[in-house]
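Shown next, in structure tokens, is the structure this report addresses.
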Amino acid sequence: MSGFKRFLGANVAFLALRWCLVCCDITDGNAEHLKREHSLMKPYQGVGSQWDFGGSTLVTSSYVRLTPDERSKEGSIWNTVPCYLKDWEMHVQFKVHGSGKKNLNGDGIAIWYTRDRLHPGPVFGNQDHFVGLSLFVDTFRNDLHDMDRSFPYISAMVNNGTVSYDHGKDGRSSELGGCPADIRNRNHDTYLAIRYSRGRLTVMIDVDDQNEWKECIDIGGVRLPTGYFFGASAATGDLSDNHDIISMKLYQLMVEHTAEEDNLDWTKIEPSVSLLKSPKDNIDDPTGNFRGTPLTGWKVFLLLLCALLGIVVCAVVGAVVFQKRQERNKRFY
């Protein structure tokens, strides 16, 4: 049985290592890699030099309010410094709150990484046909025919400027994935982590202020250039809410690339996503979630855990059966 014990010990060590890798996937906010030129933090001293704002945006010492709880408002705030990091992670601390009752509020907030900045428009206070990446926190349901998802709803979209965001369908025709998130009128702030590394886009969210990230979106095959701008915008319509940004912190991810990748001109990359099917096919997808990439880290971990448990059970049963046979054979002598 000593061989079995060594086998079990080795696999337990492997599982512990795998667990650590999964739990450490999202950066812990190490200040060493914080890029202050792309970060917005209290008391917002960079506003006016490294950050521009427009529309209804109000900058205070405690928050940046993109819209007040009033109808027909839109506002935005944009980093003035283009980002040339190939691998990065943006942490956004925000709050959406207002006097309206549930389902009587709107419209939502968006986080951007785009070629153009400070272009007001109909997509949560920013222009349509944008070029780059956007993450939408949509707090109002426009499509009353498809009731399979709850709101607020978080979704992601990559655009090369040719696709229009369809408000009437809540952006389903162009979304890459998403999840519901009960973020409105909470007694605490909400946190988003948006990671882009090695062509993979991952979005995690902490709604309950428990310092625990939950996966919302994870999709590979995403191509984003360098040299774009980070920003945030929000809008209200006939219904309204306060949309507040508390902080936006950008972290550089220390990732090694191949020589071919390093020699590539990343500023010339066109935003795109390689999928098994077009985002337009997502119109008839009842979940709005699909991926054309391998399993995510935690799913692989669960599969490995189940497989290992199966092996351990088989080994234990085999050992018991073998011992019983040995005892039975001794009785025949």
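Quick look at the numbers
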{"quantity": "Pro120 in a loop (DSSP other than H, G, I, E, B), open to solvent by 50 Å² or more (accessible area, probe 1.4 Å) and either among the aliphatic types (A, V, I, L, M) or without any contact (Cβ under 8 Å) to a residue 40 or more places away in the chain (or both)", "calculated": "no"}
{"quantity": "Selection status of Val203, outside any loop (DSSP other than H, G, I, E, B) and in contact with a Lys or Arg (Cβ under 9 Å, 6 or more places away or on another chain)", "calculated": "yes"}
{"quantity": "Pick from segment 176-218, criterion of a type in the set (Asp, Glu) and modelled with pLDDT under 95, ranking: most open to solvent (accessible area, probe 1.4 Å)", "calculated": "Glu212"}
{"quantity": "Residue count for segment 59-74, restricted to those that are acidic (Asp, Glu) and part of a loop (DSSP other than H, G, I, E, B)", "calculated": "2"}
{"quantity": "Pairs, first aliphatic (A, V, I, L, M) in segment 139-162, second open to solvent by 60 Å² or more (accessible area, probe 1.4 Å) and at pLDDT 85 or above, C-beta under 8 Å, six or more apart", "calculated": "Ile154/Pro180"}
{"quantity": "Pairs where the first residue, in segment 250-275, is charged (D, E, K, R) and the second is modelled with pLDDT of 95 or more, C-beta under 6 Å, 6+ apart", "calculated": "Glu270/Asn160"}
{"quantity": "Looking only at segment 241-265, and only at residues there that are within 14 Å of Trp88 (Cα to Cα) and not in a strand (DSSP E or B), the one that is nearest to the chain's Cα centre (by Cα)", "calculated": "Leu253"}
{"quantity": "Index of the failed condition, Phe130 passing every other in (1) aromatic (Phe, Trp, Tyr); (2) open to solvent by 10 Å² or more (accessible area, probe 1.4 Å); (3) free of Cβ contacts under 8 Å to residues at least 40 places away in the same chain", "calculated": "(2)"}
{"quantity": "Hey, Ser62 crowded, with 17+ Cβ neighbours inside 10 Å and among the polar types (S, T, N, Q) or not", "calculated": "no"}
{"quantity": "Scope segment 39-59; condition open to solvent by 60 Å² or more (accessible area, probe 1.4 Å) and touching a residue at least 24 places away in the same chain (Cβ under 8 Å); matching residues", "calculated": "Lys42, Ser49, Gln50, Phe53, Gly55"}
{"quantity": "Number of the exception - Gly168 against (1) free of Cβ contacts under 8 Å to residues at least 60 places away in the same chain; (2) part of a loop (DSSP other than H, G, I, E, B); (3) in contact with an Asp or Glu (Cβ under 8 Å, 6 or more places away or on another chain)", "calculated": "(2)"}
{"quantity": "Qualifying residue in segment 87-110 (condition: touching a helix residue (DSSP H, G or I) at 6+ places or on another chain (Cβ under 7 Å), among the aliphatic types (A, V, I, L, M) and closer than 26 Å to Glu270 by Cβ)", "calculated": "no"}
{"quantity": "Residue, farthest from the chain's Cα centre (by Cα), within segment 83-120, restricted to residues that are aliphatic (A, V, I, L, M) and at negative phi", "calculated": "Leu104"}
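The values are calculated or read from the model by the stated rules, or taken from the named source; none is laboratory data. Note that this is a predicted model, so its numbers are computed, not measured. FYI the Cβ positions are ideal-geometry reconstructions off the backbone, even for glycines, and counts take in every protein chain you see. Just the protein is used for accessible areas: all its heavy atoms, side chains included, with ligands, DNA and RNA removed. Shrake-Rupley method; radii C 1.70, N 1.55, O 1.52, S 1.80 Å.
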